[in-house]
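A.B. asks: Take a look at this one; I'll ask things after.
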Amino acid sequence: MVITRRAVTTALSWTGVAALIGLSPFRLISDVLATSTTDNVTEPTLLPDMALGPADAAITMAEYASITCPHCAAFNENVFPKIKAAYIDTGKIRYVFHEFPLDPIAAASSVLSRCIADGDSAKFFAVTDMLFKQDWSKVTKPRETLNSIGKQAGLDERQVETCLKDDTLFNGIVASRINAAKLGVNATPTFLVNGEKIVGMTPFEEFDRRFKALLKI
């Protein structure tokens, strides 16, 4: 199956985002991908990487995550800080975050992070952390939650609205989703450690073992 831009854009369309803001039901991306065909294929245009750690680090760790994924949130809270302290902050690893939104809430959240950050990785990860801390399964008014997070970052409601309507950022999020699927990513969280795939919530000890083997320490 070839995953098309049209299929993913349909699943993450601003119509869908508007629906979630109005608390109407939305379709998961997987529903659309299941019926994808080879029509209307275009090459994705990716947004700049949001990364931490030196570009020439011995290990590159990529994470593909959805803001609304509880396992991604658990990794962000319990595992990532340990990896950051032991390996990223010490210059051993370059960590790259890739958006893999599973629903319109995740898509809108990712666009908001990108918009607020405006290319600044530190801001991006700060906002993304706030988004992961939300229990989206219990959020009944997602638009108000996004407005609140935007306010904490210094935006008013009008500016949040402008962010959420940014087609360039939205298309970049779609491109990230398409590109990830081409790499064989089909679940969140998925990690690539120097190209080796790890799927699902993984304890720090397993990453630590793999990192030490690659670093020969």
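A.B. asks: Can you tell me which residue in the stretch 169-217 is nearest to Pro81 (Cα to Cα), limited to those that are of a type in the set (Phe, Trp, Tyr) and modelled with pLDDT of 95 or more?
C.D. replies: Here the answer is Phe204.
A.B. asks: Can you confirm whether the stretch 150-170 contains a residue that is in contact with a His (Cβ under 9 Å, 6 or more places away or on another chain) and in contact (Cβ under 8 Å) with a residue 24 or more places away in the chain? Steps first, please.
C.D. replies: Just the residues of the stretch 150-170 that are in contact with a His (Cβ under 9 Å, 6 or more places away or on another chain), to begin with: none.
No, the stretch 150-170 contains no residue that is in contact with a His (Cβ under 9 Å, 6 or more places away or on another chain) and in contact (Cβ under 8 Å) with a residue 24 or more places away in the chain.
A.B. asks: Sticking with this one: Being part of a helix (DSSP H, G or I), touching a residue at least 24 places away in the same chain (Cβ under 8 Å) and among the small types (Gly, Ala, Ser) is the filter; apply it to the stretch 114-125 and report the residue that is farthest from Lys141 (Cα to Cα).
C.D. replies: Ser121
A.B. asks: Return the residues of the stretch 148-162 that are in a helix (DSSP H, G or I) and either crowded, with 19+ Cβ neighbours inside 10 Å or on the phi > 0 side of the Ramachandran plot (or both); say none if nothing qualifies. Give the steps one after another, and end with the answer.
C.D. replies: So in the stretch 148-162, the residues in a helix (DSSP H, G or I) come out as 148-152, 157-162.
The answer is Ile149, Gly150, Val160.
A.B. asks: Considering Lys197, Lys212, which residue is outside any helix (DSSP H, G or I), under 22 Å from Ile59 (Cα atoms) and either polar (S, T, N, Q) or without any contact (Cβ under 8 Å) to a residue 60 or more places away in the chain (or both)?
C.D. replies: On inspection, the qualifying residue turns out to be Lys197.
A.B. asks: Please work out if Leu47 is surrounded by fewer than 22 Cβ atoms within 10 Å (Cβ to Cβ) and either at negative phi or touching a strand residue (DSSP E or B) at 6+ places or on another chain (Cβ under 7 Å) (or both). So that I can check it myself, show each step before the final result.
C.D. replies: Working: surrounded by fewer than 22 Cβ atoms within 10 Å (Cβ to Cβ): yes; either at negative phi or touching a strand residue (DSSP E or B) at 6+ places or on another chain (Cβ under 7 Å) (or both): yes.
Criteria met by Leu47.
A.B. asks: Scanning for something in a loop (DSSP other than H, G, I, E, B), modelled with pLDDT of 95 or more, over 20 Å from Thr188 (Cβ atoms) and among the hydroxyl-bearing types (Ser, Thr, Tyr), does the stretch 132-144 turn up at least one residue?
C.D. replies: no
The values are calculated or read from the model by the stated rules, or taken from the named source; none is laboratory data. All figures in this text were calculated on a predicted structure; none of them were measured in a lab. A quick note on method: Cβ atoms are made from the backbone with ideal geometry, for glycine too, and the neighbour counts reach across all protein chains shown.
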